[in-house]
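Just so you know, all these numbers are worked out from the coordinates, no wet-lab data involved. What you see is a predicted model; the values in this text were computed from it and never measured. Cβ atoms come from the backbone with ideal geometry, glycine included; neighbour counts cover every protein chain shown.
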Amino acid sequence: MRLKVKKINFETGNMKDVVLNHNDAEKIGQKAGERVFIKNIDVKNISEKYWVAILRISHSDSIVAPGELGVFVDTLKDIKNLKENSEVSVLPAEAPTSYKNIQKKIRGFKLNSDEIHSIVNDAVSGKLSKIEIASFITGISINNMDNEEMTALTLSEGNSGGKFDFGPEVYDKHST
C-alpha cells in the first residue's frame, strides 16, 4: 500500500513507531503493536530505503487520514531522506526471532545465550515494542532465570552499549 508521510508534531522517544488510519490498517490486516515494513520510494541508498516500524492505529481522520502514514517528529529527524508528503510503501512485517524467544521464556523454558542476546539486541535497536520487553521481564519474574541465563543477560546488556576504559588499576565495589 502506498501512503504519503504526514508529520506528527509529537516526540515519542521510540524511533520505530508510526501511525496508520484504522481503515488502512484494516486493509493490510495489521493491528496496533504489530510491525510494518516501510520502503522509502524516493531514496536510492539501500541502508536508508527500508525500515521496520511498530504500528499505532488512529481512529481519528484528523490525526492520520486514510492514505497517510503518520511519522513522529523525532523519527523524521532521525531517518534521513524521509520527508513530509513523500511517498512510502507499507506492507505487513514479521516479528523478529527474539519475539519467539520471549514467548519461550513466558512458557517457562530456559533460554540459551544466543536467544537472550537476540532479545537484548532487538530491545536496544527498537525492534521490540515496550509491551514485548515488559512481557520478557514478566516471564523472567514468573519463571526465574538460572545462573547461566543471568550471566548471558548481564553480558548481553554490558555488550549492548559503549564501555569506559579506566585503565588496569581501577576497582569498584559497587554494582551499576
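Tell me the label-point distance for the pair residue 142, residue 77, using the 7 Å Cα-to-Cβ offset, in nm and rounded to one decimal.
A separation of 3.8 nm, rounded to one decimal place.
Scaled to the compact-protein estimate 2.2 N^0.38 Å, what is the alpha-carbon radius of gyration of the range 66-122, rounded to two decimal places?
Working it through for the range 66-122, the quotient is 1.67.
In whole percent, what relative contact order does the chain give with Cα contacts below 8 Å and a gap of six or more residues?
Contact order relative to length: 25 percent.
How about the range 1-65: which GluC sites (Glu not before Pro) there lie in a loop by DSSP and see at most 12 other Cβ atoms within 10 Å?
When the GluC sites (Glu not before Pro) of the range 1-65 are filtered for loop state and at most 12 Cβ neighbours within 10 Å, 11 remain.
What list do you get for 20, 153 if you sort them by fewest beta carbons within 10 Å?
Least to most surrounded, the residues fall as 153, 20.
Using DSSP to call loops (not H, G, I, E or B), can you name the GluC sites (Glu not before Pro) in the range 108-176 whose Cβ has at most 13 other Cβ atoms within 10 angstrom?
For GluC sites (Glu not before Pro) across the range 108-176 that sit outside H, G, I, E and B with at most 13 neighbouring Cβ atoms in 10 Å, the list reads 169.
What is the gain in length, in nm to one decimal, between residue 37 and residue 150 on full extension, counting 0.36 nm per residue of separation less the C-alpha to C-alpha distance?
Roughly 37.4 nm would be gained on extension.
Calculate the dipole size of the chain relative to its Cα centre from +1 charges on Lys and Arg beta carbons and -1 charges on Asp and Glu beta carbons; express the result in debye to the nearest 20.
560 debye
More than 29 angstrom separation, counting every C-alpha pair in the chain; what % is that?
34 percent
Please arrange 89, 129, 141 by counting, for each residue, the other beta carbons lying within 10 Å of its beta carbon, fewest first.
Lowest to highest Cβ neighbour count: 141, 89, 129.
Of 143, 50, 167, which is farthest towards the positive pole of the chain's charge dipole, taken about the Cα centre with +1 and -1 on the beta-carbons of Lys, Arg and Asp, Glu respectively?
The residue sitting farthest along the positive end of the dipole is 50.
Would you please give the FRET efficiency between residue 125 and residue 22, computed as 1/(1 + (r/R0)^6) with r the Cβ-Cβ distance and R0 = 35 Å, to the nearest 0.05?
0.80
Over 29 Å between Cα atoms, which of 39/163; 49/104; 104/173; 77/127; 7/100 qualify?
In this structure, 39/163; 49/104; 104/173; 7/100 lie more than 29 Å apart at Cα.
Ranked by Cβ crowding within 10 angstrom, fewest neighbours first, how are 50, 171 ordered?
Ordered from fewest to most neighbouring Cβ atoms within 10 Å, 50, 171 come out as 171, 50.
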